[in-house]
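Please treat every number below as a calculation from the coordinates, not as lab data. Because the structure is predicted, anything quoted here is derived from the model rather than measured. Don't worry about glycine lacking a Cβ; one is built from the backbone with ideal geometry, like all the others, and counts go over all protein chains shown.
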Amino acid sequence: MTTLLSAQRAKEQAQALGFNLAGITPTAPSPHLQAYFDWVAAGQHGTMAYMARPDRQARRADLNVILPGVRSLVIVGLDYHTLRLPPTLLHDPARGRIAAYAWGKDYHDVMLPRLRALAEWLRAEGGESTHSRAYVDTGAVLERSHAQQAGLGFMGKNTMLIHRRRGSDFFLGEVLTTAAFDAYDAPERASLCGSCTRCLAACPTDAFPKPYVLDARRCISYLTIEHAGWIDRALRPKLGNWVFGCDICQEVCPWQRFAVRSLESEFYPVGPERAAPPLADLLGLSEAGFRARFGGSAVERAGRDPMVRNACVAAANGGQRQLRPLLERLLGDASAVVRGHAAWALGRLRGEGATAALEAALAREQDETAAEELRLALEDGGSP
């Protein structure tokens with residue numbers, strides 16, 4: 001006979017571990033499974049090949065592929081909303097901008113030990129035959145959809161999970177478990193957006209082809225983090241000063257007025273430079289300097305080269321002509337992608353010495369794409 005664990009006690013344990021939200025749902029295919037398949041088929045995952053791998057698709061379709069005998073998902077939320085920094089800082093064209101979720105310590109490092117502790121608690125309660133797997137956006141799980149089924153929020157038109165009393169500034173984590181519970185949470189409504197389209201209208205790159213669908217190939221977060229290669233020339237001017245992620249579609253959401261300030265001190269920025277670092281600092285980063293500055297934060301996942309690439313784009317978008325010497329130096333960077341984006345930025349900024357620097361770089365450039373960027377910068381000033 002199956003022993004049913006107490007759902008209430010499990011949620012209390014999650015709360016004791018520091019999580020702000022907890023919901024439990026029985027294992028079942030995600031109601032958004034077909035939408036995910038359609039998204040992949042349309043190529044809207046961009047270069048995130050892991051999203052389209054057949055084995056990952058199989059796991060998302062049937063969680064038993066991940067954990068045989070899985071019966072339940074315990075899904076938790078942890079608030080990351082910290083400070084409301086002044087717009088004069090965040091929109092300073094001499095600074096890059098980092099998404100709020102990455103201002104502090106890497107959330108994976110904060111949440112995963114607690115989720116593993118929750119899994120151990122489930123094993124202690126359910127016995128040795130209870131097995132679990134814990135994930136913080138690292139497993140092949142459609143976690144936002146399952147979280148909606150666990151009552152933690154509804155899906156916004158910006159594809160974010162939104163809680164009625166917390167907005168969308170919270171991380172999700174989940175424990176897949178073979179344990180069964182004495183009660184399960186009722187799903188939240190599929191959506192509470194109504195006729196509002198603020199998030200869709202505010203997106204600078206038109207990344208939403210329709211409500212509830214995000215084309216990652218046009219998303220600023222994808223372009224500045226997940227996509228390590230060449231940014232579409234037509235999209236570069238639309239990235240503004242974002243150098244890691246983007247908060248726009250969340251900031252304009254009316255539900256954000258309910259955002260709850262996080263109790264996690266490690267999520268708070270150590271200073272304004274973590275939220276809005278000077279572009280001059282970013283353009284001068286070495287590998288060691290990048291690790292020293294961003295080690296232990298979610299920003300570290302992007303890597304030095306994409307960060308410097310993004311800073312090149314931000315410098316051009318902000319008209320930062322005083323940064324031309326740093327951009328000229330980057331024409332000799334080890335990364336072809338950095339060299340090419342520095343060329344694009346110089347082409348837009350122009351100024352004394354820029355043409356000579358671009359011509360010299362073109363004469364020695366061996367990478368075809370970077371060479372084309374240099375030629376275009378010389379021909380038309382780097383315009384799309």
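Between the listed residues 346, 286, 336, the Cα displaced farthest toward the positive end of the dipole of the range 278-380, a dipole computed from Cβ unit charges relative to the Cα centre, is found at 286. The length gained on full extension between residue 48 and residue 183, counted as 0.36 nm times the residue separation minus their Cα-Cα distance, comes to 44.9 nm.
Using unit Cβ charges (K, R positive; D, E negative) and no other charged atoms, how large, in debye to the nearest 20, is the dipole of the chain about its Cα centre?
Its charge dipole is roughly 700 debye.
Mark the label point 7 Å from the Cα of residue 38 along Cα→Cβ and return the residues of the range 120-143 whose backbone N is within less than 19 Å of it. Flagged as within label range: 142-143. With neighbours defined as other Cβ atoms within 10 Å of a residue's Cβ, the residues 196, 312, 253 order from fewest to most as 196, 253, 312. The distance linking the range 224-269 with the range 1-42 is 26 Å (Cα centroid to Cα centroid, whole angstrom).
Take every pair of alpha-carbon atoms less than 8 Å apart whose residues are at least six positions apart; their mean separation over the length of the chain yields a relative contact order of 19 percent.
Segment residue 321..residue 359, full-extension length gain: 11.8 nm, with 0.36 nm per residue of separation and the alpha-carbon distance subtracted. Within the chain, the longest run free of exposed loop sites, counting GluC sites (Glu not before Pro) that sit outside DSSP helix and strand states (H, G, I, E, B) and have at most 16 other Cβ atoms within 10 Å, spans 129-351. At q = 0.19 Å⁻¹, work out log10 I(q)/I(0) for the range 278-380 with the Debye formula, treating every Cα as an identical point scatterer and leaving solvent out; two decimals please. Per q value, in the given order, log10 I(q)/I(0) is -0.84. The packing ranking, built from the mean of other Cβ atoms within 10 Å per residue, places the peptides 234-245, 44-55 in the order 234-245, 44-55, highest first.
Computing P(r) over Cα pairs in 10 Å bins from 0, in percent for the structure here picks out one of (i) 5, 22, 29, 23, 13, 6, 2, 0, 0; (ii) 4, 19, 24, 21, 16, 11, 5, 1, 0; (iii) 4, 15, 28, 26, 15, 7, 3, 1, 0, 0, namely (i). Between residue 62 and residue 256, what FRET efficiency comes out of the Förster formula 1/(1 + (r/R0)^6) with R0 = 22 Å and r the beta carbon distance, rounded to 0.05? Computed FRET efficiency for residue 256 and residue 62 comes out at 0.05. In order along the range 206-217, the phi-based Karplus estimate (6.51 cos²θ - 1.76 cosθ + 1.60, θ = phi - 60°) of 3J(HN,Hα) comes to 6, 7, 10, x, 7, x, 6, 10, 10, 8, 4, 4 Hz; Gly and Pro are listed as x.
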